[in-house]
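Okay, so here's the structure we're looking at.
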Amino acid sequence: MAGGALGVVTGLYLYYYLHLSLTEVGIFFGVGAFTAPLLSLLFGRLGDRYSRKAILLLTLAFLPIATAILLITRYYPLLLLAAALGGFGTAGALASGSVGAVAAPVQTAILADRTEGMDRSMVYAIFNLVSGTASAVGALFANLSYLDVFYMSLALSAMSLLIVLPIREEHKPRRRINDDPNGNSKTITQQIRRDLTYIKRFAIVGALNGTAQGLVTPFLPIIFRIVLHVSNGVVGDIFFIGGLAAAFTSLTAPIFSRAFGLRDAIIIPRIISTIALIFIPFSTTLYLAVVTYVVYVMFRVSSLAPPQQALMMELVGRGGSRSTVSGGVNQAARLLPSATATTAAGPMLDYLQSLCHSP
């Protein structure tokens, strides 16, 4: 819920309330997009090595800290620190409440540990239904004032720490090869090599997808407001409709997975979402903007969340580097190219806007 609210309001707050340029907004989002994959990869690895629950609690604290910084200062370097901690600007953050992306790899791994023997495609579908619906409700907070949104997001994100505390950890950190008591280093080495093979394949797909998403996604609230000439509340309503549609669409992922297989259940919806994304900046009417955005987030979430998460967790067993694979694939490989695209998009939008206002 906090992620959905911040995903809509933060860019509008920086541009319309703090009067930052689009270039400065792009740098803000770029910093968040650059640091999120690096931190997620680092903490994902630490979660595999030590304690996933402890790392999850640490990373969940980043979002309320980032929100508090946005509340108390206009000093740009501190705003960039908030971007780094909160993961603002990550591609897809507006689609399903994925602000605070540093926590996502460890969270995904813990959920996989707790659902051995279950249909993980359905497990992740239900998980994304809950988080997506909450994110959609959070988008409606855009009808409130900026400060009210930040206060509510601060309270909600802080509550997540209390909710995680009772969770018991199933994961046992994997031993080093040299520490294997049975001397079975060959088996462990083969497992590591297999994990790396899957990481490379998902990384290439993630890099291409992240670049395309980074050019447009973080700026969508500003784009809608500039192009459609609507209020923050209407922008929030657009994201509410899209988020709600995406949340319930995630329930269809197990059907697609059984019908086409996990691989094609990722590819087909992603092609559709990419086509819709191309048309979003050209949606000059409210009706067309809602339709293109809804199609985009529906098929993006359907492809990115349940089937891809399930496929990665199946390919990497309980003893494997689940947090590392999730962080390296879903975050680092996808978001580093996205960060470059997002940083470049700010000056591009500033330039295009100057052309529109030139005689």
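The values are calculated or read from the model by the stated rules, or taken from the named source; none is laboratory data. What you see is a predicted model; the values in this text were computed from it and never measured. What goes into the accessible areas is simple: the full protein's heavy atoms, side chains included, and nothing from ligands, DNA or RNA. Shrake-Rupley method; radii C 1.70, N 1.55, O 1.52, S 1.80 Å.
Odds and ends about this structure:
- Long-range amide H partners of residue 283 with built H, under 5 Å: none
- Here the Karplus curve 6.51 cos²θ - 1.76 cosθ + 1.60, taken at θ = phi - 60°, turns the phi angles of the stretch 13-30 into couplings of 4, 5, 7, 9, 9, 8, 6, 6, 6, 5, 5, 5, 5, x, 5, 4, 5, x Hz, with x standing for Gly and Pro.
- Karplus-derived 3J(HN,Hα), 6.51/-1.76/1.60, for each residue of the stretch 233-242, Hz, glycine and proline x: x, 5, 4, x, 5, 4, 6, 5, 4, x
- The phi-based Karplus calculation (6.51 cos²θ - 1.76 cosθ + 1.60; θ = phi - 60°) puts the 3J(HN,Hα) values of the stretch 148-162 at 4, 4, 5, 4, 5, 5, 4, 5, 5, 5, 5, 5, 4, 4, 5 Hz, whole numbers, x for Gly and Pro.
- The residues 227, 9, sorted by heavy-atom accessible surface at 1.4 Å with ligands and nucleic acids left out, run 227, 9 from largest to smallest.
- For the pair the stretch 217-251 / the stretch 55-88, the C-alpha centres are spaced 23 Å from each other.
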